[in-house]
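Here is the structure we will look at, set down as structure tokens.
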Amino acid sequence: MRRIGFLVNPVAGMGGAVGLKGTDNQVEEARRRGAVPQAERRARIPLEILARNPDLLFFTASGEMGESLLAEAGVTRFQVVHHYSGESTAGDTRTAARRFLEEGVDLILFCGGDGTAREIFDVAGREVPILGIPAGVKMYSALFAIDPATAAEIVDGPTQYTLRDAEVMDVDEEAYRRGDLRTRLYGVARTPALPNLTQVSKQVYEEADEERAKEEIARFIGEVILPETVYILGAGTTTEAIARRIGVKKTLLGVDVVKDGVVIAADADEKTLVDLLQTEENARIVISPIGAQGFILGRGNQQISPRVVERVGVDHIIIVATPHKLRETPVLYVDSGDPALDRSFGPSVQVVSGYRMAQRKRVHQPGPVVTPSSESTQF
């Protein structure tokens, strides 16, 4: 029987949809803005799958940190090895991780974001493999499954894991909220290695060719922008180049809304976007995949939620990325939190990669592997 340490950060991801760009030290502010906890919903998806496996024995913490979710998902083989009272803390995460090691677990499975990953790594190091169920806002570290259901697929996989090194990243959230992305390598953990099922660490490209490519993308998008149409611009330097081209200032790590050359909402949260779309007939979303991770939705842009996408329509999403980024991103991913919406992107999408140039890129879909296409299109 395989022994799995299971842990949930109950407040992970609360800062995303409300525009806080993270939840560290921001839980009360997230609640004040009406944030809804994400971790419980996302952790339940793999647990309901894993509950069918009689060969798994779970060790967990009490209450919302694991015990209640395991029971609700139908898992019967688990032991509570850490009890806490009140609201859980980072100290509870580290204590639970120490108890997992004492119980000789084969894997630590957690639900949270980069902060939770760092706390577990502080205790487990490279002694035990670590796998994350993504529920945070950014998740720059490389030990997360690409979505919750895939986490179950990995755990349910071969008894003997093939392991790979996985970067655990530290992101300065205060700087991030000011539009300044500061990351550093916190450590190197071990995680189960299954192709295309775990994400890589985010990469930032700073080559001169990258800047020229962004300007070419921006020049093309600037020419095709429609009048009397709302454009929701996602985070990143490529969308910033587009904003600069059309003469507006972009929130680098936030989501802005532009109409007829004017910013009508800066650093918008989900509620602001939904409210705007109730009165605007024509809208487009312009987004760029995150670094080498390749996520269209679900990492760093939770403000563009399923409710927002449903109002705009998948067909009205414009994806932009430089050729270099696309070369480093063989597959794109969607993890919006709504599996039906994720599937609606289909097996591939067109990505604007230059002036009147686009590439068709494969989108990860559960089920049979689809051969990726590397064809380029000229407009």
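The values are calculated or read from the model by the stated rules, or taken from the named source; none is laboratory data. Given the structure is predicted, the values throughout are model-derived calculations rather than measurements. A quick note on method: Cβ atoms are made from the backbone with ideal geometry, for glycine too, and the neighbour counts reach across all protein chains shown. Just the protein is used for accessible areas: all its heavy atoms, side chains included, with ligands, DNA and RNA removed. Shrake-Rupley method; radii C 1.70, N 1.55, O 1.52, S 1.80 Å.
Its Cα gyration tensor gives segment 283-346 an equivalent ellipsoid. The semi-axes, each the square root of 5 times an eigenvalue, are 20, 12, 10 Å from largest down. A 1.4 Å probe run over the protein chains yields, for segment 256-304, 34 Å² of accessible area per residue, whole-number rounding.
The peptide list 342-350, 91-99, put in order of mean Cβ contacts within 10 Å with the highest first, becomes 91-99, 342-350.
Would you mind checking 250/271; 214/325; 259/325 for any pair whose Cα atoms are more than 22 angstrom apart? Over 22 Å apart, Cα to Cα: 259/325. In this structure segment 97-165 gives 30 Å² per residue of accessible area when probed at 1.4 Å with all protein chains present. Under a model in which nothing but the beta-carbon of Lys, Arg (+1) and Asp, Glu (-1) is charged, segment 87-139 shows a dipole of about 160 debye around its Cα centre. Summarising the label geometry, the points placed 7 Å from Cα in the beta-carbon direction at residue 262 and residue 127 lie 6.1 nm from one another.
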